[in-house]
1. Residues that are over 30 Å from A65 (Cβ atoms), surrounded by 12 or more Cβ atoms within 10 Å (Cβ to Cβ) and over 21 Å from the mean Cα position of the chain (by Cα): does region 1-10 have at least one?
2. Only one of (1) farther than 26 Å from R10 by Cα; (2) at pLDDT 95 or above; (3) open to solvent by 20 Å² or more (accessible area, probe 1.4 Å); (4) not hydrophobic (A, V, I, L, M, F, W, C) fails for E202. Which number is that?
3. Pick from region 16-55 the residues that are of a type in the set (A, V, I, L, M), closer than 26 Å to M203 by Cβ and within 19 Å of the chain's Cα centre (by Cα): which of them is least open to solvent (accessible area, probe 1.4 Å)?
4. If A129 meets every condition in (1) surrounded by fewer than 24 Cβ atoms within 10 Å (Cβ to Cβ); (2) touching a Lys or Arg at 6+ places or on another chain (Cβ under 9 Å); (3) small (G, A, S) apart from one, which number is that one?
5. Taking the options S96, S86, name whichever one is surrounded by fewer than 20 Cβ atoms within 10 Å (Cβ to Cβ), among the hydroxyl-bearing types (S, T, Y) and outside any loop (DSSP other than H, G, I, E, B).
6. Identify, by number, the condition in (1) over 19 Å from F222 (Cα atoms); (2) outside any loop (DSSP other than H, G, I, E, B); (3) in contact (Cβ under 8 Å) with a residue 12 or more places away in the chain; (4) not aromatic (F, W, Y) that E199 doesn't meet.
Amino acid sequence: MSWQLRLLNRQLRWFEKPALARHDKDRLRRSFAFKSRLYFHAPFGSSFQCDTLDRVPVQWARARAARPAPVILYFHGGAYVFGTSSTHRAMLAKLSALTGLPACLPDYRLAPEHPFPAQITDALATYRALRAKQEVIIGGDSAGGGLALALLHEILAQGLAPPLGVFAFSPLTDVTYSGASVTENAARDCVLSATRIGEMLEMFLRGQDPRDPRASPLFGVFTGAPPVWMTVGDTEILRDDTLRMQAALVAQGVQSTLTVGPDHPHVWPIFHNILPEARSTLRDLAAWISSL
């Protein structure tokens with residue numbers, strides 16, 4: 001473990017976890033937007049462009065030498081309540097530089113203003129628009145990672161042309177929150193607070209079935225799916241979301257790669273500007289993408 005990771009874990013535990021546990025959704029949105037501009041920076045020469053795909057706002061992130069295709073379709077995290085394409089675009093610009101591929105980040109509709117299934121509806125719309133013209137690699141983190149896997153389930157269920165692969169950082173795959181790590185890692189997780197699960201769930205689902213695979217891809221069918229690549233930290237409350245997702249994919253014959261980071265925080269690759277482990281993980285992901 002690098003000294004940067006040890007220091008980051010302390011900072012996250014002391015400042016970010018308490019803030020996530022107590023701030024309302026509007027303050028969370030403002031805070032994350034401000035901090036992302038302050039801490040997350042794209043490589044020199046990166047370009048960003050706002051666009052619309054089938055009425056869904058998106059933002060393109062491209063490295064200077066990125067080629068046109070395939071496209072990385074990436075869904076940001078934020079518990080389906082906060083986060084935007086801008087909060088995550090620096091990380092995707094870094095991934096674009098490593099892969100030579102452009103990234104498209106949808107600003108899918110957020111809860112509670114737009115509860116489930118608005119998110120999967122927007123995800124499917126952007127995928128259809130992109131896949132009609134080129135090959136696509138789907139990715140996401142946290143809730144966005146769950147959305148990426150839910151989209152894969154829906155693509156297979158509808159018989160659509162599949163993506164080349166799917167990757168997810170610390171994905172939320174089970175909104176019944178039945179994984180043991182939700183309680184086992186409640187004190188160990190340095191970012192997420194288990195105390196807000198009920199509140200976030202109500203904003204997202206508004207009483208709808210939490211076992212719907214479009215909300216909880218853990219319960220989805222993935223037979224015939226393309227390769228999947230996932231990471232999670234062993235101290236996360238969402239650890240078992242990823243471990244059980246991995247087991248479910250393998251049991252259904254999917255080629256799935258899993259990396260478990262010891263004492264790594266939630267979605268650590270987003271800290272690529274300061275964290276050696278984040279840059280290493282993004283390089284590993286880029287190599288996997290290049291192998292597809």
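The values are calculated or read from the model by the stated rules, or taken from the named source; none is laboratory data. Computed from a prediction, not measured in an experiment: that's the story for all the values here. Note that we place each Cβ from the backbone using ideal geometry, even for glycine, and neighbour counts take in every protein chain shown. Ligands, DNA and RNA are stripped out before the accessible areas are found, and what is left, the full protein with its side chains, is counted by its heavy atoms. Shrake-Rupley method; radii C 1.70, N 1.55, O 1.52, S 1.80 Å.
1. yes
2. (2)
3. By that ranking, first place goes to L28.
4. So A129 meets the others, but not (2).
5. Being surrounded by fewer than 20 Cβ atoms within 10 Å (Cβ to Cβ), among the hydroxyl-bearing types (S, T, Y) and outside any loop (DSSP other than H, G, I, E, B) holds for just one of S96, S86, which is S86.
6. Here E199 clears every test but (3).
Here is a yes/no grid of residues against (1) surrounded by fewer than 14 Cβ atoms within 10 Å (Cβ to Cβ); (2) in contact with a Phe, Trp or Tyr (Cβ under 9 Å, 6 or more places away or on another chain); (3) aliphatic (A, V, I, L, M); (4) closer than 20 Å to P265 by Cα:
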site: G140; (1), (2), (3), (4): no, yes, no, yes
site: Q158; (1), (2), (3), (4): yes, no, no, no
site: P163; (1), (2), (3), (4): no, yes, no, no
site: F169; (1), (2), (3), (4): no, yes, no, yes
site: L172; (1), (2), (3), (4): no, yes, yes, yes
site: Y177; (1), (2), (3), (4): no, no, no, yes
site: V182; (1), (2), (3), (4): no, no, yes, yes
